[in-house]
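Take a look at the structure set out below.
The values are calculated or read from the model by the stated rules, or taken from the named source; none is laboratory data. Not measured: the values here are computed from a predicted model. Cβ sites come from the backbone with ideal geometry, for glycine too, and all protein chains shown count toward neighbours. To get the accessible areas, we keep the full protein, side chains included, count just its heavy atoms, and leave off ligands, DNA and RNA. Shrake-Rupley method; radii C 1.70, N 1.55, O 1.52, S 1.80 Å.
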Amino acid sequence: MTALASYSTGTVSVSAGGTIVSGAGVIWSDGSAKPGDILQIGNFQTLISDLVDTDELEIPPWGGGAQTAAAYKIWQVSPRRFAGGDAMAAVHKLVTALNTSGYFVFVDVDATEPDPSLGDDGQYALQPTTGKMWAKLAGVWTYLGIYKGFNFTGAYNGSTTYAIGDVMTDAGSSYVWINATPGSGHAAPNTTYWQLLASKGDQGGTGPASLLPVAAWVTATAYVVGPPASYVTSGGSSYMCLVAHTSGTFATDLAAGKWGLVAQKGADGSGTVNSVTGGTGLTGGAITTSGTLAVDYASKSDQQTATSTAKSVNPGHQQDHDSAAKAWAVFHWSGSAIVIDASYNISSITRTAAGIYTVNFTTAFATANYCCQVNTEIAGNTADGVFPIVPFSAGLRAAGSCQVRFLNQAMSAAVDPGAAHAVFYGRQ
């Protein structure tokens, strides 16, 4: 014979007459305890009415006196442990749901109406494939209509198969398929298959024409009413043409009603200017009746002598000053060609050999006596280990070009730098 199955891991505590049993070191959530099992502590037994938590059981009022951290045994005899026990509970819940008012009976895809034997009054039947819905009233299924969301399919396509609820657009209007039978090739507005949802509106009227450009009034010119009408300015005011005409005298045309005032010139300011005197950086002297004032700009020689404090400098002569850089470049050897990253007044840079470069100027210096400053870049905090030099040899520094070189740390060979900067100062 097979003995009854039981579970006794951990200990339990319960008060005298209590209905909650607390467990310590127990595992009651894995099926070791179920409603209907029998709990035994000492010589007293009781029925487990519910599993409250993984370590709490609910029982009828305990008659075995208070127990603390006591040994126990659960006799696993609940009907729910045997075939059909939990299944019958689930069936009971399902039957309760089926009897709920408003419950849906689903109609098979091949059926045309719900099974008359199914459902009760107040319940509904739905065919998901078509969206058709029925309600059971006085024991009979009554058709309510189609309850299906719109499916927007875009522009009409004659080869597409449409079904109820499909929405398409055609010639600016939108239509929904209403035929119970899906189909294709039926263009709107065929009312057997389509119902108009939204119709394309009428085309709006032509808006106002744009204005012609406003220009100064000129005699012997054909002006038009439009639209768009001609707009002119005269004497500081602006006018719109009211009568098409070829202009003669503006005052005469205006008096004849050929122009309408749009914006009138404001009143001139008042005051008297007796004279204007040219100050620092201006030429022309004092003006009492008429004359001209002009800006006195520095010439190339003014920039190079750097003696005047009363002349303005324009961009064309800014570089003429000896303090300004006359040429500069940022460049590197890519392994196959020279790349000039940025430059000024540099026409080209050529590479004779590793570490030997010639910088050619767009505008040459006046002589070969100019200053050249060269340095190299570093990557992060790591030195390039390359020393830049300018050779002191005849012909290597000329008015139109200058050779620069880069040596290794041992100063024994010319090498290409990661990137180099060269700046040139002097007189051009």
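Overview of results
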read-out	value
Pairs with Cβ under 6 Å, 6+ apart, first in region 170-184 and charged (D, E, K, R), second assigned to a loop (DSSP other than H, G, I, E, B)	ASP170/TYR156; ASP170/ALA188
For GLY316: the one exception among (1) open to solvent by 80 Å² or more (accessible area, probe 1.4 Å); (2) modelled with pLDDT under 70	(1)
TYR425 being within 26 Å of ASP302 (Cα to Cα), in contact with a strand residue (DSSP E or B) (Cβ under 8 Å, 6 or more places away or on another chain) and not β-branched (Val, Ile, Thr)	yes
Complete set of residues in region 50-79 that are under 14 Å from TRP28 (Cβ atoms), open to solvent by less than 60 Å² (accessible area, probe 1.4 Å) and in a loop (DSSP other than H, G, I, E, B)	ILE59, TYR72, GLN76, SER78
Filter result for PRO227 (more than 27 Å from GLY257 (Cα to Cα) and in contact (Cβ under 8 Å) with a residue 12 or more places away in the chain)	no
Strands (runs of 3 or more DSSP E) fully within region 104-187 counting 3 or more residues that are β-branched (Val, Ile, Thr) and over 17 Å from ALA198 (Cβ atoms)	140-146
Selection status of PRO228, in contact with a Leu (Cβ under 8 Å, 6 or more places away or on another chain), assigned to a loop (DSSP other than H, G, I, E, B) and either within 16 Å of GLY158 (Cα to Cα) or among the polar types (S, T, N, Q) (or both)	no
Among residues of region 1-34, those that are touching a helix residue (DSSP H, G or I) at 6+ places or on another chain (Cβ under 9 Å), open to solvent by 30 Å² or more (accessible area, probe 1.4 Å) and without any contact (Cβ under 8 Å) to a residue 60 or more places away in the chain, counted	1
Count - residues of region 164-191 that are open to solvent by 60 Å² or more (accessible area, probe 1.4 Å), of a type in the set (S, T, N, Q) and either touching a helix residue (DSSP H, G or I) at 6+ places or on another chain (Cβ under 7 Å) or under 18 Å from THR129 (Cβ atoms) (or both)	1
Qualifying position, being at pLDDT 90 or above and loosely packed, with under 13 Cβ neighbours inside 10 Å, among THR161, THR153	THR161
